[in-house]
Every structure is written in C-alpha cells, then in structure tokens.
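These notes concern the structure reproduced below.
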Amino acid sequence: MFRSLIVLILCLAFSTLIFAQLPNEQNCPIPLWRKAEIFQTDMEKRFLLDGQALCKLILPQRDGSGISYNMPDNAYMTGIYVGTLSMKYLCTNDEKDLEKLLKSVDALHLLCRASGVPGLLARAVIPINSPWEDDGMWRPSPDGKYRWRGDVSSDQVDGVMFGFSWAYETVKDETVRREIAKDVTAIVEHILQNDLQIVDADGKPTTWGKYYPLYTRIEALNALLWLQALKIAYQVSQDEKYAKLYKEYVFDKKYGERAVLARRNLDPTKKGFVNHSDDVLFFLGVEPLLRLETDPQIREFYVKSLKRGWEGSGGYPGLKPESNPLHAFLTAKYLGDTSEVENAIKTLEWFPFTIKWNNDTIKSYEEQYGIKLTWDILSPLPEKGKPIPIDRREKTWSTWVQDPYHSAGNPNDWHPLEYNGHDYLLGYWLGRYYKFIPPDR
C-alpha cells in the first residue's frame, strides 16, 4: 500500500513536471528557438533539392500520384534561404550551419549557370527526368543533366542578390567569394548588355525583368532593386566600374529619388490596393543597401525610403501596423524606432504550424519532438480595418507576402499544398542577428 502510494506520487510529480515544460492547447506556444528548430528540420527533410529551396509541396492525390512540387520561385526562395542561413551561422558559429550555407550557395550557382547563357538566371532547376507541376517554359541545360525554368523576373534577381550579399559577408573563403562575384557580376552584365532588361534564351525580354529609366518612373521599386544589384556587384568584386555606375544611377538618372517611392502607400483596407509581395521585395532590396552604404548623401535616400514605407504617406498607413518582423526589426535597426519590436516578436510567438502544414504532418513532428505543436488562438480579435493577427489567417506559402488585412481563415483546414517555414526562419534569425530576440526566448 505504502509502495503504491509512493509510485503514484512520483508519477503525478513527473507528469506535472513534463506538462509544466511542454505547452498544450491552453498554454503559451513553444519557445521561438524550438519553433525555428522544427521549421529548419522540415526544410531540410522536405523542401531542399541539393540545397535549392523548393516552394510548395503538392500532396498525393486520389489518383495515387505521389508528392510533387510547384517550383516557379526557387531562385527567390533559395536566395532568401541563403541569407537566413548566413544570419543563423553568424549567431551560432556552428560548422554544420556553415556546411548547409555552402551547399545552398552552390545551389544558387546552379540556378545562375544552368541556362548556359552568361548572367541569365533560372527560376528553378531540376534533374532532367524529374516530374514537375509547373506549366512555364522549361528548357534542357547545355550538359543535358537538368531542366531549367525560364522567364525570370526582377523578383528572382532581388532574392538571389540578397542571398549572395549575405553569403559573401559571412564566408571568408576566397574561393567561395570569387564564385559569388562571378555570378553576381554576370547577372549585372547581362542586364547592362540588354538595355537594362533581362533577356531570355529565346532572345526576348522576360515579362518582369525591366530596370530601364522609363519603367522605373512607373515602377519605382525596380529603381531600388537596380541600385541593390549594382551595390552588391561592387561589394563582391570591388570593381570601380560598378561603383561608378551605381553613383551614376543614384544621381544622374535619379534612381535614388525614385527609390524613396519604392513602397506604394495606398489604402490597405481595400483588397488588392497594396501589393504585399512587393513589400517583401522592398525588404530584400533595401536591407543590403542600408547595410552596405556608407555615403551619407546616398544613404539618405534609403533611410527616407524605409521611413516612408514604415510610416505611410498620403493619409494611408505604412507597414508599421502590420507587426511584420522583417520591417519592424529593420526599422528598429536603421531608424531607431523600436516601438513595434515586441509586437513583431508576438507575431513569431503566435505563428502557427497550421498556417503551413496539415494535421498529419504536425502530428508526425509532435511524435518526433514529444511536444504539442497546436494551441488555441492567442491573439485578440482584430478591429475592423486593422491587420488580422497571424494565428487568425488562412494557410499561405509566405506569411510576409500574405495580405494581413484580407486573409482571415481557419489554418487548420486541410489543404492540398504544404509549405516550408522560410518566412518564420527569416524573421526569427533576423531578430536574433540584430539582437532583438534573446537566444533563450
């Protein structure tokens, strides 16, 4: 009797200890670092093709077909992933993180070279006999080993430049750096030689690969993106040609002035008025410029651009109300406005696994980690006309691209697509690198 009582007490104590440490549906979510670990595990397990980051996983259908991938944005995604891994390695100093970074840098090189046309980036590259779920233009690589996806856009170049810039800053191996410089300058040279357009293998300009002056009067974001490309070309090559061209476009061709208007401030409460995909492109473009530019006169253009995007203009709110970690951390770092840092961290805390995965995937990671990965909604109900908190939104491939004003839904609903956690990982490691998120939070 006494022995049974002791065993019962010990079991109750052990259970109390376990459940005090592991969250459940009524308690707070798991720590930010643990969530990052799980998203990283899933990225490596299901969303990497020899270091190339895949975007969307299409689940098996009723006809018995297996898992396949939709892959029009691999260059963009891999560039973001390389930048994220760079931040992660700079925080952890773990050699395994460096190995992962170098593998994905190699994947960027493949994306840059598979077309066989110097400087013509591929949107995606897959082994020649691999199935794919994308109806774009696919061509064989010159060596016959791969297929590559054409019609690359300035969006893809933006992501790749972002990743290469971070990798160059992070990796000190000169051999690696030379290869980065080779691809970055080839992309820039391709655009220069084609009247500030990206020209595909068929000799025709791609749909969204335009940087020439008339176009940037309409699309000011691309003025910023062209300055990003030139600045990074100089960063990795130290070739004065690019420094000279960069200043020419900043001042003489007025790209600096246009870059101030890169973020379109319109009424975000009207669906479709604000392009939140462009907001991520804006982040990827302006972050390297703020990190690399030291000339006060030029830097002021980028500071004004970020401030305008953050605070809004014309009576419309900017990015500040959205609690987006990318913009909140960037603004805190370079404008000194830390007012939204805690709300951005809350976004990461509330970030649900259900916004990316279906319940069977979540259950498999619960079993692997011995921890509950779903919880009740923690955010308050949003006011009318205000952004919807992240745990009240529908499933999406990128929460930072998602329109936060018009995305209410139940992320627990089953969906034929599952997505990687690149957006969480970028937000988390940016916050860690800037030291806004402590390692143990």
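The values are calculated or read from the model by the stated rules, or taken from the named source; none is laboratory data. Note that the structure is a prediction, hence the values are computed from the model and not measured. Glycine gets a Cβ as well: all are built from the backbone with ideal geometry, and neighbour counts include every protein chain shown.
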Task: Residue tally, condition touching a residue at least 40 places away in the same chain (Cβ under 8 Å) and either in contact with a Leu (Cβ under 8 Å, 6 or more places away or on another chain) or part of a helix (DSSP H, G or I) (or both), over segment 315-325 - done: 4
Task: Scan of segment 309-361 for residues that are under 21 Å from the mean Cα position of the chain (by Cα) and polar (S, T, N, Q), ordered by number - done: 323, 324, 331, 343, 347, 354
Task: Flag for residue 181 being touching a Gly at 6+ places or on another chain (Cβ under 6 Å), within 22 Å of residue 244 (Cα to Cα) and not charged (D, E, K, R) - done: no
Task: Matching residues in segment 345-392 - criterion: being out of contact with any Lys or Arg (no Cβ under 7 Å at 6 or more places or on another chain), within 22 Å of residue 320 (Cα to Cα) and small (Gly, Ala, Ser) - done: 385
Open item on the list: Suppose the filter is surrounded by 17 or more Cβ atoms within 10 Å (Cβ to Cβ), free of Cβ contacts under 8 Å to residues at least 60 places away in the same chain and of a type outside the set (Phe, Trp, Tyr); does residue 210 pass it?
Closed with: yes
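Rundown of residues vs (1) at pLDDT 95 or above; (2) within 19 Å of residue 43 (Cβ to Cβ), yes/no style:
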residue	(1), (2)
387	yes, no
391	yes, no
405	yes, no
410	no, no
417	no, yes
425	yes, yes
430	yes, yes
433	yes, yes
439	yes, no
- [ ] Go over the candidates 308, 299 one by one and state the one that is touching a Gly at 6+ places or on another chain (Cβ under 9 Å) and of a type in the set (Lys, Arg).
- [x] 308
TODO: Only residues that are part of a loop (DSSP other than H, G, I, E, B) and in contact (Cβ under 8 Å) with a residue 12 or more places away in the chain: list them for segment 124-142, please.
DONE: 128, 130, 131, 132, 133, 134, 136, 137, 141, 142
- [ ] Please name all residue pairs, on different chains or six or more residues apart, with Cβ atoms under 6 Å, provided the first residue is in segment 276-299 and is without any contact (Cβ under 8 Å) to a residue 40 or more places away in the chain and the second residue is in a loop (DSSP other than H, G, I, E, B) and crowded, with 16+ Cβ neighbours inside 10 Å.
- [x] 299/293
TODO: Output the number of residues of segment 213-241 satisfying the condition of being out of contact with any Leu (no Cβ under 7 Å at 6 or more places or on another chain), under 17 Å from residue 280 (Cα atoms), crowded, with 24+ Cβ neighbours inside 10 Å and not hydrophobic (A, V, I, L, M, F, W, C).
DONE: 1
Task: Members of segment 311-329 that are of a type in the set (A, V, I, L, M, F, W, C) and surrounded by fewer than 23 Cβ atoms within 10 Å (Cβ to Cβ) - done: 326
Task: Search result, residues across segment 291-301 that are of a type in the set (A, V, I, L, M) and surrounded by fewer than 18 Cβ atoms within 10 Å (Cβ to Cβ) - done: 292
- [ ] Residue by residue through segment 334-354, note down the ones that are within 16 Å of residue 373 (Cα to Cα) and either at pLDDT below 95 or among the aliphatic types (A, V, I, L, M) (or both).
- [x] 348
- [ ] Restrict the check to segment 393-415 and report whether at least one residue is in a loop (DSSP other than H, G, I, E, B), of a type in the set (S, T, N, Q) and in contact with a Leu (Cβ under 8 Å, 6 or more places away or on another chain).
- [x] no
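Conditions (1) buried (at least 20 other Cβ atoms within 10 Å of the Cβ); (2) in contact with a strand residue (DSSP E or B) (Cβ under 8 Å, 6 or more places away or on another chain); (3) more than 29 Å from residue 104 (Cβ to Cβ); (4) touching a residue at least 60 places away in the same chain (Cβ under 8 Å), marked per residue:
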residue: 370; (1), (2), (3), (4): no, no, yes, yes
residue: 378; (1), (2), (3), (4): no, no, yes, yes
residue: 404; (1), (2), (3), (4): yes, yes, no, yes
residue: 415; (1), (2), (3), (4): no, no, no, no
residue: 423; (1), (2), (3), (4): yes, no, no, no
residue: 436; (1), (2), (3), (4): no, no, no, yes
Open item on the list: Testing residue 387 on (1) over 21 Å from residue 32 (Cα atoms); (2) crowded, with 20+ Cβ neighbours inside 10 Å; (3) touching a Leu at 6+ places or on another chain (Cβ under 8 Å), one condition comes back false. Which one is that?
Closed with: (3)
Task: Selected residue (only one of 304, 244, 270, 254 is surrounded by fewer than 18 Cβ atoms within 10 Å (Cβ to Cβ) and within 29 Å of residue 382 (Cβ to Cβ)) - done: 270
Open item on the list: Among the residues of segment 229-243, are any at pLDDT 95 or above, hydrophobic (A, V, I, L, M, F, W, C) and more than 26 Å from residue 150 (Cβ to Cβ)?
Closed with: yes
